[in-house]
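Quick notes on the structure that follows.
The values are calculated or read from the model by the stated rules, or taken from the named source; none is laboratory data. Please read all numbers here as calculations on a predicted model, not as lab measurements. Positions of Cβ are generated from backbone atoms using ideal geometry, with glycine treated the same way; all protein chains shown enter the neighbour counts. Note: areas computed on protein heavy atoms with side chains; ligands, DNA, RNA excluded. Shrake-Rupley method; radii C 1.70, N 1.55, O 1.52, S 1.80 Å.
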Amino acid sequence: MQIKYILNQIQKHKGFIYGQARLLKKARRMVMEIDIQPRKNSLPICSGCQKKGPGYDTQSVRRYEFVPLWGIALFFLYARRRVDCPGCGIKVEQLPWAEGKQHLTKTFAWFLASWARRLSWKETAEAFQTSWDQVFRSVKMAVAWGLAQRDLNNIAAIGIDEIAWSKGPKYLTMVYQIDAGCRRLLWIGRERTQKTLRTFFEEFGPEATSQLRFICSDMWKPYLRVVAEKAGQALHILDRFHIMSKVGKAIDKVRAQEVKKIKARGETPVLTHSRWCFLKRPENLTDKQAVKLKDLLSLNLRTVRAYLLKEDLQRFWTYNTPGWAGRFLDDWCTRTMRSRIPPMKKIARMLRNHRPLLLNWFRVKDRVALGAVEGFNNKAKLVTKKAYGFRNYEVIKIALYHTLGKLSHPKGTHRFC
């Protein structure tokens, strides 16, 4: 079986034929070169208007890298023709296997882009003996194509959050679709300001915005203001994870203050190495942490009282109706305001101020994937970690769309992975 037969089965190009194949050894690497020739009497296609025209002249031979076969690097060799187009003038011909001046074939570019979802870009480049830049260009091409093909109709629920992606810290505003049938990254914006989120709604469009029924976010004031201004018809829900995260930070602050007071009095440092005992959920504690927490709960400490208030607040999320949940929240806030623990009292005031938005959680918890926002954020952090950090905003934007955007890809004649 000849190599030309295999290529004609997986990568046949109309108007072109495969010529001679040569197996060479270059720099400790096996390389296969295959000539491509235009069919006899075939006319080149103008790259400007995509119409056939008479030939003008021929450029020098160029190499186009294809998907490796059996670990052997494969290159197409072709002398590109120029077209004497009546409408566009003298133009180079359009090639079916490569885009513009790229030396990478379209098939190899999509091959690299698909593997870049599974491996880091550096690992992908090393595995297929190419450069990081070639992998980046392939991913950029795949993202541009996928974004152009996206369907943004009938989106009913979105989640808005931010992630830190660089020192400073520098933030990205992330907007996700969290409908039950489709969860994906919709949009990325630089920083976490009102201007950033307004830009999303402007690009999303007033018609698509008017179809939104549910919006989930944290309590970041710029987000709350813009959502109320741009999508007031949607039911705004506060994210449970961020609320409990703020409660955890309040407990940690109480613990840190109490540790200082205990040390100043010269007493036994009972709270040493107890941070995660109070911040973790009971079911996630290690055996050692569970024993230490049990010992601490028998002591009359402010940190212990704050922890018990936090655990009691977890019952809030178990209610089925907004009415009963609201009564519990009011009671919890009253008890917390009497606790004489300033960080926890601050949490109680915050929850009272956002009471209507908190109760919206119970109106939609069975209809919208409210936990998807935090799940996406964890995946976004993994993308940046896997790449050992991105210093360029455009690069991280492409990487996140590629991994989380659920972008489509064109149907080819053959799937390599």
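Out of the range 43-63, which residues are of a type in the set (Ser, Thr, Tyr) and at pLDDT below 90?
Answer for the range 43-63, where residues must be of a type in the set (Ser, Thr, Tyr) and at pLDDT below 90: Ser47, Tyr56.
Starting from the range 5-21, keep only residues that are over 19 Å from Asn41 (Cβ atoms), then list their pairs with residues that are modelled with pLDDT under 90 and assigned to a helix (DSSP H, G or I) whose Cβ atoms are within a distance under 8 Å, requiring at least 6 positions of separation or different chains.
Cβ pairs passing all conditions: Ala21/Ile3; Ala21/Lys4.
Which of the following residues is surrounded by fewer than 15 Cβ atoms within 10 Å (Cβ to Cβ) and over 15 Å from the mean Cα position of the chain (by Cα): Asn360, Asn378, Asn392?
Being surrounded by fewer than 15 Cβ atoms within 10 Å (Cβ to Cβ) and over 15 Å from the mean Cα position of the chain (by Cα) holds for just one of Asn360, Asn378, Asn392, which is Asn392.
Evaluate the range 106-120: report whether one residue or more is over 19 Å from Ile10 (Cβ atoms) and out of contact with any helix residue (DSSP H, G or I) (no Cβ under 9 Å at 6 or more places or on another chain).
No, the range 106-120 contains no residue that is over 19 Å from Ile10 (Cβ atoms) and out of contact with any helix residue (DSSP H, G or I) (no Cβ under 9 Å at 6 or more places or on another chain).
Among the numbered criteria (1) within 17 Å of Leu404 (Cβ to Cβ); (2) open to solvent by less than 80 Å² (accessible area, probe 1.4 Å); (3) in contact (Cβ under 8 Å) with a residue 12 or more places away in the chain, which single criterion is violated by Ala144?
All conditions are met except number (3).
I'm trying to understand the selection: among the residues of the range 112-130, which are over 14 Å from Thr384 (Cα atoms) and either hydroxyl-bearing (Ser, Thr, Tyr) or open to solvent by less than 70 Å² (accessible area, probe 1.4 Å) (or both)?
Listed by number, the residues that qualify are Leu112, Ala113, Ser114, Trp115, Thr124, Ala125, Ala127, Phe128, Thr130.
Would you say Phe111 is assigned to a helix (DSSP H, G or I), in contact (Cβ under 8 Å) with a residue 24 or more places away in the chain and at negative phi?
So Phe111 passes the test.
Given the conditions (1) surrounded by fewer than 18 Cβ atoms within 10 Å (Cβ to Cβ); (2) of a type outside the set (Lys, Arg); (3) over 26 Å from the mean Cα position of the chain (by Cα), which single one is not true for Ala325?
In the conditions (1) surrounded by fewer than 18 Cβ atoms within 10 Å (Cβ to Cβ); (2) of a type outside the set (Lys, Arg); (3) over 26 Å from the mean Cα position of the chain (by Cα), Ala325 misses (1) alone.
Having 1 or more residues that are in contact with a Ser or Thr (Cβ under 6 Å, 6 or more places away or on another chain) and surrounded by 15 or more Cβ atoms within 10 Å (Cβ to Cβ) is the bar; report the strands (runs of 3 or more DSSP E) wholly within the range 157-265 that clear it.
Qualifying strands (runs of 3 or more DSSP E): 157-166, 170-179, 182-190.
Pick from Lys263, Lys280, Lys294, Lys246: which is among the basic types (Lys, Arg), closer than 21 Å to Ile341 by Cα and either modelled with pLDDT of 95 or more or over 39 Å from the mean Cα position of the chain (by Cα) (or both)?
So the residue among Lys263, Lys280, Lys294, Lys246 that is among the basic types (Lys, Arg), closer than 21 Å to Ile341 by Cα and either modelled with pLDDT of 95 or more or over 39 Å from the mean Cα position of the chain (by Cα) (or both) is Lys263.
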